[in-house]
Structures are given as C-alpha cells and as structure tokens.
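Here is the structure we will look at, set down as structure tokens.
The values are calculated or read from the model by the stated rules, or taken from the named source; none is laboratory data. This is a predicted model, so every value here is computed, not measured. Quick reminder, even Gly has a Cβ in these numbers, built from the backbone with ideal geometry, and neighbours come from all protein chains shown.
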Amino acid sequence: MRYVRPQADDLLARLCEPRRFIQLVAGARQVGKTTLVGQAAERSGLPHHTASADEPAMRGSGWLAAQWETARLLTDGNAASDALLVLDEIQKIPDWPETVKRLWDEDTRRGRPLRVVLLGSAPLLVQRGLTESLAGRFEVLRLPHWSYSEMHAAFGWTLDQYLFYGAYPGAAPLIGQHDRWSSYIRDALVETTISRDVLLLSRVDKPALLRRLFELGCAYSGQILSYTKMTGQLQEAGNTTTLAHYLDLLAGAGMLVGLQKFAGGVVRRRGSSPKLQVLNTALMTALSGLSLVEARADREFWGRLVESAVGAHLANAAAGGEVDVFYWRDRNREVDFVVHAGRRLAAIEVKSGRARNARSGLDAFATSFQPDRSLIVGSEGIDLEQFLATPVANWI
C-alpha cells in the first residue's frame, strides 16, 4: 500500500469545499508533490486534467491557456459539475501569475466551477508575483522534506538509515547499492535542481560560485561560517551580498539555508554570520564520499550528521511556516538552535558526541532571553529518535 502523506488529506479537504481559492502546492524536488496531488485528485472523485510544464524549452502563456480550456470542457456538459485542473512545474511558465489571474477571473465571473491546483518545485521562485497578481485568490500548501516518521512508516527505515540516507522517497529503493544511490542524489536531484530550478529561472552572474557555495554548505552543515571565511574557502573575491543572495536561492530550492543569529533585533539577525544547514541530510552524505559504515565509524562526521538531522527537522518546520529557527552565540558560549513560535521561545542543544559543554550555552541563553523551554537532544536529554519522530510544534 502506497504511503499517503498527511498533507494529502489537507488538500482533499480543500478540494471538497466550495470553490474559493487556487491551491498552490510548493516544495523542493522529489518530496512527492505530484504523487500527493494525484492521490488527492483521485480521492476527490472530480473529473480532472493534469499537465506539466517541466520541459527543457519553457512553456508559454498560450500553452497554459490551452490546458485551462481543456479542463473547462470537463465542466461544460453540466454547469453544476465541478472539475479539476492540475498544472505541474508552474514556475517554468513566464509571467504565469498574470495568465492564471486572467483565466481564474474569467471563470469566476461566469460561475464556471473549475478548481485549480498548481505545483511548483522551488517555493521561492513559485511565489514571485503572487502577492500582486493573485492577491486574495490563492492558498499555499507547503510540502517539506519527509520526516523520520514518514520514512520509517513508508520504508521501515532505522534511525541510522534516516540520518545517513536522508529523506528522498524516490531514492529509497537504491540504498542497497551505495554508488547508485549517491549518483542519483548528485545527478537527478542536486544537478537538476541547480540547473533547472535555480540557474534557469533566476539571474545568477556566477553559476560556478553558486555551485561551490552549495558544496561548501554541505561540507560545513551545522557550522557557523562568516561570509569572509566563505569567500576565503571559495577562493572568490565576491561580496557578501552575492553570497547571501545565492544562499536565499538555495533555500528557496529546498536545499540549503543559512540560519541567522538570534539577537532580538531583525537588523542584527540579518547581519550575522550564517549557520549553514542542509534541509535533507542526503545532500551532505552523497557528496561526502563515505559509505554508511565509514560515516558511522567517523565520530566527528557522524556528530555533525546528527546535528544536521536535528537542524533539518527544525528548518523544514520553519519552511512550512510553523516556526522561526535561529542559532545563538556569545563569545565561546553557544546554543545550537533557537526556535521561536508566536510568543514562545525554546533553546535546543544537540549532544552528538562532539566535545562541548551544552549546559553552559543553555544557561547563558536562559539568563539573557528567558526561554520557555531549554532542551538537550541526545545523551542525557531527549532521545534523538523520539525528537525526530515528534512534530516540532510539540517541543515548543
């Protein structure tokens, strides 16, 4: 039986409501957007038409209008009969928000009961122009990378398998052949995302720099790295604004984020050295050249992998709008993650076997900011498997 993500039920509920909004399903590549929408469409019982703009040559507004008209025909036989249009990789169509607005408004004026679901691989790119062109006409359903609980339920993975192989369901059948698995992650996911979701759709003056920044972020995931040190590591004379912009693009593609320092002030947060954090640990291990056995035997690497898995769990919740995630450092005292949700604040330290006094950082942070919770994940704290198996909101 195929695993059904909880978000499929959310989408199905929206499709069963009276026609109100365009549904935009946004997420990184290979998190199951197409499968999830297909499951919801079949369960809705609505006649539907599905098309994808994911082609090497970009589709145009004329193609989009033709797909829309095909779906309209499903409603023409009975004016009271709803139908569903599903358009995948919508961000590949130039000026798509304006075209969608025109067609949606035409149907609204005529009372045509056509429901619309749009899918996009890169959340940052999908959302450009939405607030102006489609204001008041859409809802966003954000799909994060799969959680440990989901990979365990769907594939029976152990904690070590999840830490090392990450959370790409499409790659799960390949883990028994490490070379095939790592090649799939590098070629079908990393290269495709960078070349088709970032470089093809955004202005990037230095593509080689963006690629090297991604590789650096994977190698240093879980570590705080100043922009000055990044330029040194990258052997690049580029300015910090360029690197910060490229980090934003990689975050929008669901690959890598630069967590900012928690300091109580937005300006200081943006000006801080970022803590590099992969959103899926498969990106870290596939580029490492290590096998699971080798990684497990390397205490330093495994410790960083554990911290990155906790960070990815938190960062994916942040990408879904549930929380905000930062780090904190004051001289030699540090807290791995600071999670902010509404008026609640939590400090989280990961004990992964790497040397550091976790308590001193938590105590110093508590003195300065009085968090609602101070948590240790790992030895002498919350069991790592329990933490990763529990929604982030439950810990705040």
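Quick look at the numbers
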item	result
Flag if E69 is in contact with a strand residue (DSSP E or B) (Cβ under 9 Å, 6 or more places away or on another chain), of a type outside the set (S, T, N, Q) and surrounded by fewer than 13 Cβ atoms within 10 Å (Cβ to Cβ)	no
Segment 378-396: number of residues that are at pLDDT 95 or above, within 16 Å of E307 (Cβ to Cβ) and not in a helix (DSSP H, G or I)	2
Single match in E294, E307, E322 (criterion: over 22 Å from the mean Cα position of the chain (by Cα) and not hydrophobic (A, V, I, L, M, F, W, C))	E294
Exclusive hit being crowded, with 19+ Cβ neighbours inside 10 Å and in contact with a Leu (Cβ under 9 Å, 6 or more places away or on another chain), set I376, I348, I382	I348
Total residues in segment 6-31, condition more than 18 Å from L85 (Cα to Cα) and crowded, with 23+ Cβ neighbours inside 10 Å	4
Residue in segment 40-52 that is in contact with an Asp or Glu (Cβ under 9 Å, 6 or more places away or on another chain) and either assigned to a loop (DSSP other than H, G, I, E, B) or not assigned by TED's automatic domain parsing to the domain that holds L84 (or both) present	yes
Residue within segment 312-325 that is over 28 Å from A393 (Cβ atoms) and in contact (Cβ under 8 Å) with a residue 24 or more places away in the chain present	no
Yes/no for A347 being of a type in the set (A, V, I, L, M, F, W, C), farther than 30 Å from G176 by Cα and modelled with pLDDT under 95	no
Options L216, L249, L209, L243; residue that is under 24 Å from L163 (Cβ atoms) and modelled with pLDDT of 90 or more	L216
Check on L362, assigned by TED's automatic domain parsing to the domain that holds S272 and not in a helix (DSSP H, G or I)	no
Number of the condition not met by R20 [criteria: (1) more than 30 Å from V198 (Cβ to Cβ); (2) modelled with pLDDT under 90; (3) out of contact with any helix residue (DSSP H, G or I) (no Cβ under 9 Å at 6 or more places or on another chain)]	(3)
